[in-house]
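Read-outs throughout are calculated quantities, based only on the coordinates presented, and are distinct from any laboratory measurement. Values in this document were obtained by computation on a predicted structure and should not be read as measured data. All Cβ positions, glycine included, derive from the backbone under ideal geometry; neighbour counts span all protein chains shown.
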């Protein structure tokens with residue numbers, strides 16, 4: 001079973017609006033087990049919309065259109081579907097009455113042009129719209145079904161969930177289950193990861209796909225099956241194989257974030273964290289704050305300049321770097337100073353400043369634990385938003401891996417200095 | 001001149017990702033005066049991607065693809081374009097060298113599968129990619145041009161602006177000038193703003209459009225003209241009228257950010273700023289840090305809990321709130337404590353915590369200036385990302401308006417307490 005989605009609206013083609021309806025419809029169809037092979041966006045143009053619907057009908061069993069059902073002259077979907085399905089538009093007096101009633105419920109009057117909305121293709125199934133004025137409809141043709149829905153996200157979502165999905169389940173006898181599970185990885189590059197699971201990415205059921213962000217890659221497992229249990233089993237088998245190969249590169253699943261996972265690990269141990277960042281590397285404080293785990297996240301400080309560090313951590317022995325480089329000695333002292341100053345179990349410091357004559361940019365990431373200090377320096381071309389994300393991810397992952405090691409060997413090792421360089 | 005955009009990626013068709021690249025490309029092409037008639041999204045499938053490119057080439061003069069240029073087996077754009085343009089893929093050793101060099105600059109090694117990225121259609125024009133590993137290309141065919149760009153937004157945007165737009169201007173002799181100028185406003189609602197300029201928004205050349213974010217609204221003036229000078233003149237006239245009506249609601253132009261403008265005002269006066277936020281309201285530190293103005297931005301602190309405040313500002317007289325509400329007295333003490341502790345000219349505090357039984361969420365925003373303290377409390381339904389942005393914007397605007405007042409009446413007023421409530 002194949003579907004295509006057609007989103008219409010000149011504002012989409014002009015780029016004034018990001019097409020969130022397309023993603024929404026895609027997710028809904030996926031959950032029904034319907035494959036979407038193409039999505040097309042057209043402007044408010046009758047001829048081109050009709051051409052898009054005809055092409056989609058020639059390739060797919062189901063075509064869903066959104067938008068273009070309003071009362072103005074640039075709302076062309078009704079006419080376009082009429083042309084491409086060869087059905088003339090017919091006025092439905094009961095729809096005129098429904099539109100009038102909706103206007104009345106707002107204490108206002110229907111305008112003349114709203115009557116346009118009550119014309120739908122001959123023989124179409126009316127889909128009542130209790131959340132807006134635009135009536136919607138489904139046209140059954142010998143080669144496929146066309147369903148036309150409004151472009152207002154709130155209306156679209158209501159109609160899709162309350163009317164269209166039940167209609168499609170019934171109409172197409174959809175009993176297949178599609179389930180997805182996302183494994184979240186960090187601190188491993190997409191290509192390195194891809195090489196480890198190259199063969200698994202060829203699998204057809206489940207499929208395995210990658211989606212890379214800064215310092216993180218999502219591994220998406222998607223299974224089709226006749227029952228929920230069967231889908232779960234297919235996913236679980238693939239997940240076991242992926243976990244075997246990717247080990248502790250996997251930090252979570254679904255929509256878990258790395259900062260959530262780390263703060264959760266800390267909270268479960270009754271531990272807490274204080275972080276310090278330079279303006280050039282700042283992102284950690286913001287990410288940790290957004291989790292809403294105030295007990296584990298004690299404080300995050302962003303300093304404009306290394307000099308503030310001494311003012312802040314008066315007791316710490318700091319070797320303030322004059323150039324752009326933040327040496328590990330300084331980052332470790334900062335991480336330790338934060339840990340002590342705020343009585344936190346762990347301190348993390350991500351330090352780097354931009355000196356004009358220095359390329360690439362070098363940052364030092366240090367973790368101070370009760371009996372241990374770890375530091376690494378990393379090099380990036382520039383300290384832009386992407387690289388801030390990447391540095392914050394590396395810092396969080398440094399703490400995560402430390403906490404994982406504690407789980408496997410709970411006796412803390414004697415104080416060591418473990419200084420690496422990448 | 002007609003264009004089509006093809007965005008590829010199974011994650012788009014599954015709805016895991018909203019297609020922001022499509023909107024970005026649409027805006028860029030509009031600014032060149034190129035009409036986009038269709039946009040198509042396809043999955044990571046060679047045959048369907050090739051079919052989409054072929055169809056687009058049959059209808060348009062220009063086809064731009066994004067995505068599918070990575071190193072893994074599900075990156076199929078190179079092959080698809082090769083098929084649809086009838087050009088075999090050819091290995092470019094100089095591209096292999098460029099990819100290797102890029103990996104080296106990160107201190108890591110190219111993997112075997114990255115070599116795939118150096119194969120491009122025979123006769124294609126190479127578009128160097130200094131911001132990523134995926135080489136891009138343009139294929140000129142008798143019926144049209146196909147340009148293939150990466151799907152990573154940061155790379156796509158860089159390449160579009162630095163390489164593709166100059167290429168298209170030259171290739172298609174695009175000489176009509178379309179210029180846009182954006183006036184940035186804050187702390188005025190979109191509808192209030194719209195009412196003030198309702199008549200100007202009906203204008204055809206230039207057009208005036210609004211784009212609202214959290215607490216900010218962009219006013220976009222777009223002019224078409226035969227010459228640069230003519231376009232500038234049309235825009236300047238409209239800008240003068242808009243400034244007359246919107247006054248100090250306009251804080252900047254173009255891609256200036258509010259935080260940039262505020263730090264710039266401070267830097268010019270030799271002034272500096274220290275900020276304090278609660279985790280539930282944090283965003284200010286991150287936004288200020290991202291500007292890169294280390295002299296004016298002294299320090300930003302995010303506290304997990306009000307209790308850290310006393311530890312941090314040992315000398316300040318703090319009345320620690322036990323419930324969720326952060327009273328103005330506390331926010332002012334925090335702002336003043338920060339100002340003194342870090343020897344900054346100004347202190348800003350945005351305080352609020354989430355107590356389970358409190359709806360709506362109330363935050364206090366305080367500014368401490370050398371001779372003055374200002375505070376306001378604001379109420380929002382929840383402390384989500386949108387409202388954090390909104391609170392940080394209000395705080396920055398509080399400081400901006402204070403600095404504007406100093407410009408017009410430079411003698412500082414005697415110390416006053418100016419406590420408002422919204």
ask   = Hey, rough spin-label estimate for residue B:401 and residue B:236, points 7 angstrom out along Cα→Cβ, what's it come to in nanometres?
value = 3.2 nm
query = Any idea what the residue A:73 label distances to the other copies are, label 7 Å down the Cα→Cβ vector, nm, shortest first?
reply = 5.5
request  = Give me the distance between the Cα centres of segment A:33-87 and segment B:118-183, rounded to whole Å.
outcome  = 30 Å
message = Going 7 Å from Cα along the Cα-Cβ axis for the label, what nanometre distances separate residue A:267 from the same residue across the other copies?
response = 3.9
key: Nearest-0.05 FRET efficiency for residue A:140 and residue A:314, computed from C-beta distance (R0 51 Å)   = 0.10
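How high is the FRET efficiency from residue B:154 to residue A:16, r the C-beta distance, R0 25 Å, rounded to 0.05? If you can, show how the numbers build up before the last one.
Values: r = 22 Å, r/R0 = 0.87.
Approximately 0.70, to the nearest 0.05.
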ask   = Which one of B:43, B:15, B:189 has the biggest mean-square fluctuation once chain B is modelled by GNM with Cα springs under 10 Å?
value = B:15
request  = Taking every pair of alpha-carbon atoms in chain A, give the share separated by more than 37 Å as a whole percent.
outcome  = 46 percent
request  = Over 23 Å, how big is the tail of the calculated P(r) for segment B:2-172, in percent of all Cα pairs?
outcome  = 33 percent
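Percent relative contact order of segment B:180-306, based on C-alpha pairs within less than 8 angstrom and at least six residues apart? Display every interim value, and only then the final one.
On the way: 184 pairs, mean separation 29.2, N = 127.
Computed over segment B:180-306, the figure is 23 percent.
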key: Distance from segment A:209-227 to segment A:242-260 (C-alpha centre basis), Å   = 11 Å
task = Evaluate the relative contact order of chain A (contact order divided by residue number), counting alpha-carbon pairs under 8 angstrom at least 6 apart; express in whole percent.
result = 10 percent
ask   = Dividing the convex hull volume of the Cα atoms of segment A:177-253 by its residue count, what figure in Å³ per residue is obtained?
value = 72 Å³
query = Is there a simple number for the mean count of other chain Cβ atoms within 10 Å of the Cβ of residues in B:205-218, and what is it?
reply = 0
ask   = Could you give the nm distance between label points at residue B:386 and residue B:253, where each point is 7 Å from its Cα heading toward the beta carbon?
value = 3.2 nm
key: Other protein chain Cβ atoms within 10 Å, averaged over every residue that makes up B:303-312   = 5
inquiry  = Using Cβ counts within 10 Å as a stand-in for footprinting exposure, how do A:397, B:35 rank, fewest first?
reply    = B:35, A:397
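Quick one: Kirkwood hydrodynamic radius for the protein assembly as shown, alpha-carbon pairs, angstrom, one decimal?
Working: mean 1/r = 0.0339 Å⁻¹.
Kirkwood radius, the protein assembly as shown: 29.5 Å.
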query = Once the mean 1/r over all distinct Cα pairs of segment A:34-104 is inverted, what Kirkwood radius in angstroms do you read off?
reply = 13.6 Å
remark   = Listed with the fewest Cβ neighbours within 10 Å leading, B:264, B:16 appear as B:264, B:16
request  = Report the FRET efficiency, 1/(1 + (r/R0)^6), for residue B:170 and residue A:201, where r is their Cβ-Cβ distance and R0 is 35 Å, rounded to 0.05.
outcome  = 0.30
request  = Quick one: with label points 7 Å out along Cα→Cβ, list the inter-copy distances for residue B:255 in nm, shortest first?
outcome  = 2.9
message = Please compute, for peptide A:333-342, the average count of beta-carbon atoms on other protein chains lying within 10 Å of each residue's beta-carbon.
response = 1
message = Run the helix sum for chain A: -39,500 (n - 2.57) per DSSP H stretch of 4+ residues, divided by residue count, reported at 222 nm to the nearest 500 deg cm²/dmol.
response = -11500 deg cm²/dmol
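Please rank A:332, B:244, fewest neighbouring Cβ atoms within 10 Å first, as an exposure proxy. List each step's numbers first, then the result.
Working: A:332 22, B:244 8.
Fewest-to-most ranking of A:332, B:244: B:244, A:332.
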